[in-house]
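Asker: Sharing a structure here in structure tokens format.
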Amino acid sequence: MVLVAVFGVALLVAVLLSGLAARTVLSTSLLFLAGGALVSDGFLGLIHITPDSEIVSVTADLALFAVLFTDGQHVSFAKLRANWRNPARALGLGMPLAFAFMALLTHYLVGLDWTTSFLVGAVLAPTDPVFASAIVGRKEVPAKLRELLNVESGINDGLALPVVVLLIAAAGPAAGHAGETSFGTIALELGLGLAFGVLLPLFVNGLVRFRLLGAEPKLQPLLPLATGIILYGLCHLTHANPYLAAFSAGAVLAAISPEAKEAFEPLGEALAELAKFAALLVFGALLTPRLFADLPWQGYVAVVLAIVLIRPASLLISLLGTRFERREKLTAAWFGPKGFASVVYGLLVLQSGIPQAEQAYTLIAVCIAFSIVAHSSTDVPIARMFDVEDLVGIPDDEQDRQDLQAGSERKTAV
């Protein structure tokens, strides 16, 4: 109950300060992270949470499922077909480069073995604009830049997941026969997750089309919610991968039933935010002074380089030859915060039992904490650097020009 009360207080403070956070360097995500650290054993000692506590795995599991389910609904196949080049560069070149560079840095600087080093790179590869919300949420920021960051962060969680799972299996202890079947088991779990994520929304959408069935307007948002709940339970009952299922289900739902996606969006975003805040609070409680003391100085060098060099260099390379302006490229390169998925993937590493799990998790956790502080406190100032052309009706990119031209033509026709 103490944890529930702490979460309620943190949520109240975050809501009351959300208006201030939208105008300043203050971040609601940072509030929950700092709140969790403040009430943990390292400081006030109000709550006692360890990495192997059940609340950690349950909260992280639910939160990532909710986030991936809503993220999947943001994937517009029509927009991807029309504007796929820039996100494809970021995902197809920038993400693998960041993954490889981080693995090299971890191996040679921190001293982890190659498999664990690549695992750290895979965990830290996904990004999440929730820690830089002023960039993706402000109209004065060019639309193509916001679209790039949104699409990249929405898809890279799902792309990193199979790599993380396979590398955990590869880095695991070789004793016993479990290791011999681990890759086959993982492939089966991923395949089942993808199948459930595609088939269940199609099945539910088919039910809705029956003449005697259908939801009244006020209950329509609950239809996707019911689908998500069934999918979550089904995955855990069959050991299918719930995260791949959640992301694929969200994408399929948005594609086959835009009206259901639109009805569910406000509720889904609110539930995902609540789950995310709860997981950040729990994750913050694990950020004790001892954890930071356990990371050697080489680890801190790796963390700083991961934030200020690896992500920026990787994305800048991937954007060579594009039509982004220089400041747009630099902004996109800087805002590669270690995403919420990295929090959960890091906990998966810690609870996996692989030989260097604790060292890897410590590096991952400190990197995520530093990233949240760095990116969530710089989004508003950098967003203000862009000209507020959108606010006065002047288009800032080709898509905006087309929209403005279409609007003018409609007015002329009238």
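The values are calculated or read from the model by the stated rules, or taken from the named source; none is laboratory data. These numbers were taken from a predicted model, which means no experiment stands behind them. Backbone-built Cβ (ideal geometry, glycine too); neighbour counts: all protein chains shown. Note: accessible area is taken over every heavy atom of the protein model, side chains too, but ligands, DNA and RNA are not part of it. Shrake-Rupley method; radii C 1.70, N 1.55, O 1.52, S 1.80 Å.
Asker: Determine by what factor the alpha-carbon radius of gyration of the range 303-362 differs from 2.2 N^0.38 Å, reporting the quotient.
Answerer: In units of the globular-protein estimate, the range 303-362 measures up at 1.47.
Asker: Using 1/(1 + (r/R0)^6) with R0 = 41 angstrom and r between the beta carbons of Val301 and Ala255, what's the FRET efficiency to the nearest 0.05?
Answerer: The formula returns an efficiency of 0.40 here.
Asker: Separate question: For Ile230 and Ser18, what is the calculated FRET efficiency with R₀ set at 45 Å and r taken between the beta-carbons, to the nearest 0.05?
Answerer: That gives a FRET efficiency of 0.90.
Asker: Which order do His48, His375, His107, His74 take by accessible area at a 1.4 Å probe, largest first?
Answerer: Final ranking, largest accessible area leading: His48, His74, His107, His375.
Asker: Any idea of Met385's accessible area? Nearest 10 Å², probe 1.4 Å.
Answerer: About 140 Å², rounded to the nearest 10.
Asker: Across bins of 10 angstrom width beginning at 0, how are the C-alpha pair distances of the range 344-390 distributed, in whole percent?
Answerer: Answer for the range 344-390: a P(r) of 24, 31, 20, 15, 9, 1 percent.
Asker: Would you mind listing how long the range 258-375 runs along its three principal axes, going by Cα atoms, in whole Å with the largest first?
Answerer: 46, 39, 25
Asker: Report the extension gain between Phe203 and Thr322 in nm, rounded to one decimal, defined as 0.36 nm multiplied by the number of residues separating them, less their alpha carbon distance.
Answerer: 38.7 nm
Asker: Still on this structure: Across every pair of different alpha-carbon atoms, what Kirkwood hydrodynamic radius in Å does the range 262-301 reach?
Answerer: Computed over Cα pairs of the range 262-301, the Kirkwood hydrodynamic radius comes out at 12.6 Å.
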